[in-house]
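What follows is a set of notes on a single structure, which appears directly below.
The values are calculated or read from the model by the stated rules, or taken from the named source; none is laboratory data. These numbers were taken from a predicted model, which means no experiment stands behind them. Neighbour counts are summed over all protein chains in view; Cβ atoms, including those assigned to glycine, are modelled from backbone coordinates with ideal geometry. With ligands, DNA and RNA removed, areas are computed over all heavy atoms of the protein, side chains included. Shrake-Rupley method; radii C 1.70, N 1.55, O 1.52, S 1.80 Å.
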Amino acid sequence: MKLRIDIITLFPELIRCFAETAIVKRAQDRGLVFIKAYNLRAFSSDRYRTVDDYPYGGGPGMVLKPEPISRAVEFIKGVTHSQPRVLITSPQGRVFNQSLAEALSLCPHIILVCGRYQGIDQRVIELCQGEEISVGDYVLSGGELPAMIVAEAITRLVPEVLGDEESIHFDSFYDRILGPPQYTRPRIFEGRAVPEVLTSGNHSLIEEWRRKKALQKTRLVRPDLLDKLSDEVIHEW
């Protein structure tokens, strides 16, 4: 096994369904990745399995208590005898991107804590050395969907997970820009033909065309990505 991902959540059934689907399932079946969901309520200490409480200082909503999360993290560490990287899904966190996914795919063990309600008690974030991760500048009711996004983005980068490793090279963000437009059969669809260069068989011309189109699309849709690249790199493309 090259990667273990433990996910702490109030809705473990969502994670289990995700873990039994498509690429993630195949990665586990091949012994490359292991994903396990833990019900946060199982680590509550009272008979009502309470995991949240009112925020100090007042205000609407509830906050996840520190004790159940801390117990869950320590329990997982005790089972795995490792020092995992702890990620906490939160709209206040560092924005998740391909570069971070690549870095995380090299970690042998990750714990993902799914946020909910108004957030998580700050003290447990600090004590667990948790890194808050956001999947975008918007708010969801809970962190399960972001956790699944993070888990799949990481999993597909683990060596041998994808059947065709070369396909990663055509992904958006692989070269820090968007991917090129793609075409398949039929060759002509409603009067629109596949660009002739793609059927030429000239691989150097095809590669040059794809890079040019990828750069054009990035300049149109995500010019902010180009701001992070040097003029030399852009010129190479």
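Report the calculated FRET efficiency for residue 67 and residue 173 (r = Cβ-Cβ distance, R0 = 41 Å), to the nearest 0.05.
Efficiency computed from Cβ-Cβ geometry: 0.60.
Work out, step by step, the length gained on full extension between residue 30 and residue 139: first 0.36 nm times the residue separation, then minus their alpha carbon distance; give nm to one decimal. Present the calculation step by step, with values, prior to reporting the outcome.
Numbers: separation 109, 0.36 × 109 = 39.24 nm, distance 3.49 nm.
Separation in residues times 0.36 nm, less the Cα-Cα distance, equals 35.7 nm.
Quick check for you: which residues of segment 66-87 have the amide N under 16 Å from the point 7 Å beyond the Cα of residue 46 toward its beta carbon?
Within reach of a label on residue 46, which here means backbone N under 16 Å from a point 7 Å along Cα→Cβ, segment 66-87 contributes 66-69.
Please give me, ordered by residue number, the GluC sites (Glu not before Pro) of segment 12-99 that lie in loop per DSSP and have at most 14 other Cβ atoms within 10 Å. Provide the component values of the computation, followed by the final result.
Values: sites: 13, 20, 74; in loops: 20.
Hits after loop and neighbour filter: 20.
Between residue 52 and residues 5 or more places away or on another chain, which pairs have amide H atoms under 5 Å apart, with H built 1.01 Å from N, and which residues are they?
The list, which skips near neighbours in sequence, is 65.
With label points built 7 Å along Cα→Cβ from the Cα atoms of residue 21 and residue 202, find their separation and express it in nm.
It is 4.3 nm.
Rounded to the nearest percent, how much of the accessible area of the chain (1.4 Å probe, protein heavy atoms only) is carbon and sulfur?
Of all accessible area on the chain, carbon and sulfur atoms account for 52 percent.
If you place +1 on the Cβ of every Lys and Arg, -1 on the Cβ of every Asp and Glu, and leave all else neutral, what size is the dipole of the chain about its Cα centre, to the nearest 20 Debye?
Details: 30 positive and 32 negative charges, 100 e Å.
Result for the chain is approximately 480 debye, rounded to the nearest 20.
Once amide H atoms are placed 1.01 Å from N in the peptide plane, what residues at a sequence separation of 5 or more from residue 128, or on another chain, have their amide H within under 5 Å of its amide H?
none
Using only the heavy atoms of the protein chains and a 1.4 Å probe, how would 185, 41, 71 rank by accessible area, largest first?
Ranked list, largest accessible area first: 185, 71, 41.
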